[in-house]
1. What is the gain in length, in nm to one decimal, between THR83 and THR105 on full extension, counting 0.36 nm per residue of separation less the C-alpha to C-alpha distance?
2. Skip the ligands, DNA and RNA, and give the accessible area per residue of the stretch 1-130 with a 1.4 Å probe, whole Å².
3. Taking only the alpha-carbon positions of the chain and ignoring solvent, what does the Debye formula give for the base-10 log of I(q)/I(0) at q = 0.08, 0.12, 0.17, 0.18 Å⁻¹?
4. Tell me, what HN-Hα J-couplings in whole Hz come from the Karplus equation 6.51 cos²θ - 1.76 cosθ + 1.60 at θ = phi - 60° for each residue of the stretch 80-89, using x for Gly and Pro?
5. Considering only lysines 8 or more places apart in sequence, or on different chains, count the pairs in the stretch 63-177 whose C-alpha atoms sit under 28 Å apart.
6. Could you give the alpha-carbon Rg of the stretch 105-193 over 2.2 N^0.38 Å, rounded to two decimals?
7. When the helices in the chain are scored as -39500 (n - 2.57) per DSSP H run of 4 or longer and the sum is shared across all residues, what 222 nm value do you end up with, to the nearest 500 deg cm²/dmol?
8. State the percentage of accessible surface on the chain attributable to carbon and sulfur atoms; use a 1.4 Å probe and exclude ligands, DNA and RNA.
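The values are calculated or read from the model by the stated rules, or taken from the named source; none is laboratory data. These numbers were taken from a predicted model, which means no experiment stands behind them. In this analysis, Cβ positions are derived from the backbone assuming ideal geometry, glycine residues included, and neighbour counts consider all displayed protein chains. For accessibility, only protein heavy atoms count, side chains too; no ligands or nucleic acids. Shrake-Rupley method; radii C 1.70, N 1.55, O 1.52, S 1.80 Å.
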Amino acid sequence: IKLSYSRRVNRPRFWYLNPFFTFSDSRNYFGGNPNLNPEYTDATEIGHIKYWDNASLSSAIFYRYTTGVIERITLPGDIEGTTITKPENLSTRNDYGLEFVFSYTPIKWLKLNGDFNFFRSITEGQYLERNYDSDTYTWTSRLTSRFTILKSTDIQLRANYRAPRNTTQGKRKAMYMLDLGASRDIFKNKGTLTLSIRDV
């Protein structure tokens, strides 16, 4: 059983700070914000882990309080019919949730692991005298399976799912993807050759 507290910093990515505009098409522009500040999160967690001979299961209840939340804000552009999206620091976000992580090796050549995360996220903030508040319940999950074939070749499948969630400017649809990978030890185990395909 464990109890933990951490203070985390999430610094903006460099393209979030780049002030020059890029565009995905003639109507939608994205620009960075050189005045962006980092997010700071206070994270508290109570959890447990249980081991068996060929499996383990951990669970946790967590609470995270974040200040300076970075959100991509989309506003009408100067030209009619266009939009400009820029990252801005909003006020705060409170996240409460449950998380489960497991690993299981039913037979020698097959390993399974995955996680499930259910949480509530409450964001509060203002930009240009407009409220950007949201309150959402959502969940994510991941399952990875690794098969060992022959003696030094592994094949891995990874499935990810992110449920729909409300955002500060609308709703984000569900997203799911499947990745495939293979690796083989070469040169008498002195090297590894890897092939991966994302979002099959």
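1. Numbers: separation 22, 0.36 × 22 = 7.92 nm, distance 5.00 nm.
Fully extending the segment from THR83 to THR105 adds 2.9 nm.
2. 68 Å²
3. -0.42, -0.87, -1.24, -1.28
4. After applying 6.51 cos²θ - 1.76 cosθ + 1.60, I find 4, x, 10, 10, 10, 10, 9, x, 9, 7 Hz.
5. Values: LYS86/LYS171; LYS86/LYS173; LYS108/LYS151; LYS111/LYS151.
Value for the stretch 63-177: 4.
6. Details: Rg = 20.3 Å, N = 89, 2.2 N^0.38 = 12.1 Å.
Dividing the Cα radius of gyration by 2.2 N^0.38 Å gives 1.68.
7. On the way: 1 runs with 4 residues, N = 200.
That calculation yields -500 deg cm²/dmol at 222 nm.
8. Working: 7760 of 14010 Å².
Using a 1.4 Å probe with all protein chains present, the chain comes out at 55 percent carbon and sulfur.
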